[in-house]
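Visitor: The structure is given below, and queries will be raised subsequently.
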Amino acid sequence: MPAQRTTAPSATTGTDALLYLLFGALGFGLCVGSLTWLSGNLTNTLLGVGPWTPFEVTDGLLRPAETWPHLSTTEILIGARIVPGLLALGLAVLGIALWIRWRGGARRGLARRGDLSPLLGKEITAKARDLRPSLSTLRAKNIAPADRGVLLGALSPGRTEVRASWEDVIVAIMAPRSGKTSALAIPAILSAPGPVLLTSNKAANDAYTTTVGARSEVGTAWTLDPQQIAHHPREMWWDILADARDLAGAKRLAGHFVAASVDESNGNDFWSTAAANTLAALFLAAASHRRPVTDALAWLASPADRTPVDLLTDAGHHAVAAQLQGTVSGAVETRDGIYETARQYASCLLDPEVSAWVTPHPGLPEFKPSAFASSTDTLFLLSKDGGGSASAIIAAAADAVMRAAVVVAERSGGRLDPPALCVLDEAANVCKISDLPDLYSHLGSRGVIPITILQSYRQGQRCWGEAGMDALWSAATIKIVGSGIDDADFADRLSKQVGDHDVQTTSVSTSESGKSTSVSMRTERILPPDAIRALPKGKALLLATGLRIAMLTLRPWYKEPHAKTIGPASAHATKAITARALAKDNQRDDYGLSA
């Protein structure tokens, strides 16, 4: 019975490789001989010592002195050896570079430069002029790169910049220490032409310290730091009840406190729903009469207090007042359970150091989202994650900014110019906006550009549920997937989206009559799941709507020219955080509050 051996899938066999190598050597020799003949004749003509010799590939290489007898040894060395050698070397390097680019892009089935033209220089610049009236009068060459769109990276292999337009909404899934902050968030913030919002659970040596100095030079840098992540002094306040003066706004605010405390799967039970309705009623009562949010906490502590019911009635919210009265007048066990659940949701406001940031303070400037939307200011929203965090306040502030930006855009022609950039770093931990997937469907059309950064796809599922995360992923027009993807299901899903390509398989059969070779084609994944899992740091997959999937090389801020100025400023900001922390510790020691 004949023995059959199948080689590993490859484009060529060993014999084919040797044949190609032979052809390559012959072609290189022909190229060198031709360049030698051309360069020698040019030298001969320029020096005016002899006529052109007939074309002969080998004469110039093997017998240069006989081919150009009027040239000296030095002239032959330069004109027939060094110059053509350098030219041949340059052509060889160019050929190798083109071959690597062909093998690295088209051969694997990933996008090449032509496939990504809507995200590259000429077309992305034209789109920026269409989307932003302030750029329409400028010539394309006069539009700065930062005004063209959000830098995503460079097309790999190569250095061609790839940018998202000012109507793209972005989701990035990247593991910790894979470049999500240094190569995506920070460059976007530093180059943003308009207002910027950043949420984060870290301060030192992170996006906050890296960008706060640079952004302070283009506008006011507002820092909302209720849990003292950066130990920033309270230099502002924000009215958390400003948008809660109608029932819809009050419900949204209450929803942020619920989302920050429970997962999406547990947020629709009886106690959560009843507690959310109660919180909304109390927020509405306080907001309707310009009372601080701390009054709502006081009413939560005393369910029998009729003040919120009377305030709602006076403000004309009779149905809400009746519902709240029904809750208060119901069975004691049910009422106490509802109020206790609501108290747990709003527990972060019990800390006076936290609530002070969201209650009126006559001596400090008030942050107003509507004014922020038409500025070049920056809002840094910092909070710890986990139990007892102020993430509900952070989510409420981010939501208020984005919604205010949409309103301002609608009043100024339909789109913000310059656009507002909202970098929601650690979104699932410190900025759980329950209807963020729905907001994604229209934010981009208003010039509000969100960049939601997650550590994994499952993290998003825990935050918004499976359907919600699928909706967010589908609504994003730009998706970035970096290294560290350990979710087998998600990696397989990405692998299928990248697609398949044909590979050549050579089979060698051995029998008594000799060997026979057959060649067949079969399909295999362009990027199998294990290759996606092993994606190296500094690389990322780009999934843009309507375009082939591309491999990007990330461009971290510290490898860019402006790192020479940004780096020292970041170090200075980090030292300032340390100094403020030490000063607080010393103050506690002075008052005997700590050992």
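The values are calculated or read from the model by the stated rules, or taken from the named source; none is laboratory data. The model shown is predicted, which means the values in this text are computed figures rather than measured ones. With ideal geometry, Cβ positions are generated from the backbone for all residues, glycine too; neighbour counts draw on all protein chains shown. Ligands, DNA and RNA are stripped out before the accessible areas are found, and what is left, the full protein with its side chains, is counted by its heavy atoms. Shrake-Rupley method; radii C 1.70, N 1.55, O 1.52, S 1.80 Å.
Visitor: Just to be sure before I move on: is Phe380 buried (at least 19 other Cβ atoms within 10 Å of the Cβ), under 27 Å from the mean Cα position of the chain (by Cα) and not in a helix (DSSP H, G or I) in the structure I sent? Lay out the reasoning, then the answer.
Guide: Details: buried (at least 19 other Cβ atoms within 10 Å of the Cβ): yes; under 27 Å from the mean Cα position of the chain (by Cα): yes; not in a helix (DSSP H, G or I): yes.
Yes, satisfied.
Visitor: For a quick check of your reading of the model, give me the residue pairs whose first member lies in the stretch 517-531 and is exposed (fewer than 11 other Cβ atoms within 10 Å of the Cβ), whose second is modelled with pLDDT of 85 or more and not charged (D, E, K, R), with beta-carbon atoms closer than 9 Å and at least 6 apart or on different chains.
Guide: Every condition considered, no pair remains.
Visitor: In addition: Can you find a residue in the stretch 385-404 that is charged (D, E, K, R), touching a strand residue (DSSP E or B) at 6+ places or on another chain (Cβ under 7 Å), open to solvent by 10 Å² or more (accessible area, probe 1.4 Å) and modelled with pLDDT of 95 or more? Reasoning before the result, please.
Guide: Here is the first cut: in the stretch 385-404, the ones charged (D, E, K, R) are 385, 399, 403.
So of that shortlist, the ones also touching a strand residue (DSSP E or B) at 6+ places or on another chain (Cβ under 7 Å) come out as none.
Within the stretch 385-404, not a single residue is charged (D, E, K, R), touching a strand residue (DSSP E or B) at 6+ places or on another chain (Cβ under 7 Å), open to solvent by 10 Å² or more (accessible area, probe 1.4 Å) and modelled with pLDDT of 95 or more.
Visitor: Can you confirm whether the stretch 229-246 contains a residue that is in a loop (DSSP other than H, G, I, E, B), without any contact (Cβ under 8 Å) to a residue 60 or more places away in the chain and either charged (D, E, K, R) or under 19 Å from Val150 (Cβ atoms) (or both)?
Guide: The answer is yes; a qualifying residue exists.
Visitor: Kindly indicate which of Leu253, Leu224 is among the aliphatic types (A, V, I, L, M) and in contact with a strand residue (DSSP E or B) (Cβ under 8 Å, 6 or more places away or on another chain).
Guide: Numbers: Leu253 fails: in contact with a strand residue (DSSP E or B) (Cβ under 8 Å, 6 or more places away or on another chain).
Only one candidate passes the filter, namely Leu224.
Visitor: Let me ask something else about it. Exactly one of (1) in a loop (DSSP other than H, G, I, E, B); (2) free of Cβ contacts under 8 Å to residues at least 40 places away in the same chain is unmet by Ser375. Its number?
Guide: (2)
Visitor: What residue, among those in the stretch 132-144 that are surrounded by fewer than 19 Cβ atoms within 10 Å (Cβ to Cβ) and touching a Lys or Arg at 6+ places or on another chain (Cβ under 8 Å), is modelled with the highest pLDDT?
Guide: Going residue by residue through the stretch 132-144, those that are surrounded by fewer than 19 Cβ atoms within 10 Å (Cβ to Cβ) are 133-134, 136-144.
Now drop any that are not touching a Lys or Arg at 6+ places or on another chain (Cβ under 8 Å), which leaves 136, 138, 140, 143.
Values: Ser136: 89, Leu138: 90, Ala140: 87, Ile143: 93.
Filtering the stretch 132-144 for residues that are surrounded by fewer than 19 Cβ atoms within 10 Å (Cβ to Cβ) and touching a Lys or Arg at 6+ places or on another chain (Cβ under 8 Å), the one modelled with the highest pLDDT comes out as Ile143.
Visitor: Condition first: in a loop (DSSP other than H, G, I, E, B) and either free of Cβ contacts under 8 Å to residues at least 40 places away in the same chain or touching a strand residue (DSSP E or B) at 6+ places or on another chain (Cβ under 6 Å) (or both). Now tell me which residues in the stretch 547-564 satisfy that. Step through it out loud before you land on a result.
Guide: At the first step, the residues of the stretch 547-564 found to be in a loop (DSSP other than H, G, I, E, B) are 547-549, 554-556, 560-562.
Across the stretch 547-564, the qualifying residues are Ile549, Leu554, Arg555, Pro561.
Visitor: For the stretch 441-461, how many residues meet the condition of being crowded, with 17+ Cβ neighbours inside 10 Å, farther than 17 Å from Ala192 by Cα and either over 18 Å from the mean Cα position of the chain (by Cα) or of a type in the set (D, E, K, R) (or both)?
Guide: Qualifying residue count, the stretch 441-461: 2.
Residues are listed down the side, and each one gets a yes or a no for (1) assigned to a strand (DSSP E or B); (2) touching a His at 6+ places or on another chain (Cβ under 9 Å); (3) closer than 30 Å to Asp489 by Cβ; (4) among the polar types (S, T, N, Q):
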site	(1), (2), (3), (4)
Met521	yes, no, yes, no
Leu542	yes, no, yes, no
Ile566	no, no, no, no
Ser570	no, no, no, yes
Ile577	no, yes, no, no
Ala581	no, yes, no, no
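Visitor: In addition: May I ask you to list pairs of residues, at least six apart or on different chains, whose Cβ atoms are under 6 Å apart, with the first in the stretch 410-422 being within 19 Å of Ser165 (Cα to Cα) and the second being polar (S, T, N, Q)?
Guide: Every condition considered, the pairs that remain are Asp417/Ser134.
Visitor: If you don't mind, another one. Just name the residue that is modelled with the highest pLDDT out of those in the stretch 497-513 that are among the small types (Gly, Ala, Ser) and either in contact with a Pro (Cβ under 8 Å, 6 or more places away or on another chain) or open to solvent by 30 Å² or more (accessible area, probe 1.4 Å) (or both). So that I can check it myself, show each step before the final result.
Guide: Looking only at the stretch 497-513, we keep the residues that are among the small types (Gly, Ala, Ser), and these are 499, 507, 509, 511, 513.
Okay, now just the ones that are also either in contact with a Pro (Cβ under 8 Å, 6 or more places away or on another chain) or open to solvent by 30 Å² or more (accessible area, probe 1.4 Å) (or both), so 509, 511, 513.
Details: Ser509: 75, Ser511: 69, Ser513: 71.
By that ranking, first place goes to Ser509.
Visitor: Name the single residue, out of those in the stretch 128-157 being among the hydroxyl-bearing types (Ser, Thr, Tyr) and without any contact (Cβ under 8 Å) to a residue 40 or more places away in the chain, that is farthest from Leu416 (Cα to Cα).
Guide: Going through the qualifying residues, I end up with Thr137.
Visitor: I would also like to ask the following. Give Ala373, Ala342 a once-over and let me know the one that is under 33 Å from the mean Cα position of the chain (by Cα) and open to solvent by less than 30 Å² (accessible area, probe 1.4 Å).
Guide: Values: Ala342 fails: under 33 Å from the mean Cα position of the chain (by Cα).
Of Ala373, Ala342, the one residue that is under 33 Å from the mean Cα position of the chain (by Cα) and open to solvent by less than 30 Å² (accessible area, probe 1.4 Å) is Ala373.
Visitor: Filter the stretch 145-158 down to residues that are more than 21 Å from Val448 (Cβ to Cβ) and open to solvent by less than 10 Å² (accessible area, probe 1.4 Å) and give me whichever is modelled with the lowest pLDDT.
Guide: Applying the filter and picking the extreme gives Leu155.
Visitor: Further question: Any idea which of (1) in contact with a helix residue (DSSP H, G or I) (Cβ under 9 Å, 6 or more places away or on another chain); (2) of a type in the set (D, E, K, R); (3) modelled with pLDDT under 90; (4) over 16 Å from Leu184 (Cβ atoms) is the one Glu524 doesn't satisfy?
Guide: The single condition Glu524 does not satisfy is (1).
Visitor: Now for a separate question. Can you pull out every residue in the stretch 355-370 that is among the aliphatic types (A, V, I, L, M), assigned to a helix (DSSP H, G or I) and surrounded by fewer than 19 Cβ atoms within 10 Å (Cβ to Cβ)? Quick ask: steps written out before the conclusion?
Guide: First, the residues of the stretch 355-370 that are among the aliphatic types (A, V, I, L, M): 356, 358, 364.
Now restrict to residues that are assigned to a helix (DSSP H, G or I): 356, 358.
Within the stretch 355-370, Ala356 is the sole residue that qualifies.
Visitor: Starting from residues that are at pLDDT 95 or above and not charged (D, E, K, R), keep the ones in the stretch 360-373 and report whichever is farthest from Ala192 (Cα to Cα).
Guide: Selected residue: Leu364.
Visitor: Quick one: would you say Lys537 is open to solvent by 40 Å² or more (accessible area, probe 1.4 Å) and within 30 Å of Ala204 (Cα to Cα)? Spell out the reasoning first.
Guide: Working: open to solvent by 40 Å² or more (accessible area, probe 1.4 Å): yes; within 30 Å of Ala204 (Cα to Cα): yes.
Answer is yes for this residue.
Visitor: Here are some residues: Ser261, Ser288, Ser370. Which one is in contact with a His (Cβ under 8 Å, 6 or more places away or on another chain) and not aliphatic (A, V, I, L, M)? Let's see the steps before the verdict.
Guide: Details: Ser261 fails: in contact with a His (Cβ under 8 Å, 6 or more places away or on another chain); Ser370 fails: in contact with a His (Cβ under 8 Å, 6 or more places away or on another chain).
Answer to the selection: Ser288.
Visitor: Turning to a different aspect of this structure: How about the stretch 239-266: which of its residues are touching a Phe, Trp or Tyr at 6+ places or on another chain (Cβ under 7 Å) and crowded, with 22+ Cβ neighbours inside 10 Å? Let's see the steps before the verdict.
Guide: Step one: filter the stretch 239-266 for residues touching a Phe, Trp or Tyr at 6+ places or on another chain (Cβ under 7 Å), giving 241, 244, 250, 253-254, 257-258, 261, 264.
Answer for the stretch 239-266, where residues must be touching a Phe, Trp or Tyr at 6+ places or on another chain (Cβ under 7 Å) and crowded, with 22+ Cβ neighbours inside 10 Å: Leu241, Ala244, Ala250, Leu253, Ala254, Phe257, Val258, Ser261.
Visitor: Among the listed residues Ile566, Ile549, identify the single one that is among the β-branched types (Val, Ile, Thr), surrounded by 17 or more Cβ atoms within 10 Å (Cβ to Cβ) and closer than 27 Å to Gly484 by Cα.
Guide: Values: Ile566 fails: closer than 27 Å to Gly484 by Cα.
Answer to the check: Ile549.
Visitor: Kindly evaluate Ala488 against the criterion of being among the aliphatic types (A, V, I, L, M), open to solvent by 20 Å² or more (accessible area, probe 1.4 Å) and in contact (Cβ under 8 Å) with a residue 40 or more places away in the chain. Working first, answer last.
Guide: Working: among the aliphatic types (A, V, I, L, M): yes; open to solvent by 20 Å² or more (accessible area, probe 1.4 Å): yes; in contact (Cβ under 8 Å) with a residue 40 or more places away in the chain: yes.
Criteria met by Ala488.
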